[in-house]
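Q: After the structure tokens below, expect a handful of questions from me.
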Amino acid sequence: MADILKAVLRLPLTLLDLMIDWQQRSEERAAITELSPHQRRDIGLSQEDLFEMAAKLRWTRSL
């Protein structure tokens, strides 16, 4: 019973952490589309790669 109570009490913090992660990924994906061609070449990505990353859904884990 105590384990269930601990899990329930942790749930709001866990959800908040998840929402913060989603927001950070969303911001990173938006920023990456603004890289210059030179910056894209430096990191080895094409324009299409960047647009594909930016189009991912907010809850998608990988960049």
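Q: Note down all Cβ pairs under 7 Å where the first residue falls in the range 1-26 and is among the β-branched types (Val, Ile, Thr), the second is in a helix (DSSP H, G or I) and modelled with pLDDT of 90 or more, and they're at least six residues apart or on different chains.
A: Short answer, once both residue conditions are applied: none.
Q: Name the single residue, out of those in the range 23-53 being part of a loop (DSSP other than H, G, I, E, B) and at negative phi, that is most open to solvent (accessible area, probe 1.4 Å).
A: Result: GLU34.
The values are calculated or read from the model by the stated rules, or taken from the named source; none is laboratory data. Here the structure is a predicted model, which means the values were calculated and not measured. Note that each Cβ is placed from the backbone with ideal geometry, even for glycine, and that neighbours are counted across all protein chains shown. Quick note on the areas: whole protein, heavy atoms, side chains included, nothing else; ligands and nucleic acids left out. Shrake-Rupley method; radii C 1.70, N 1.55, O 1.52, S 1.80 Å.
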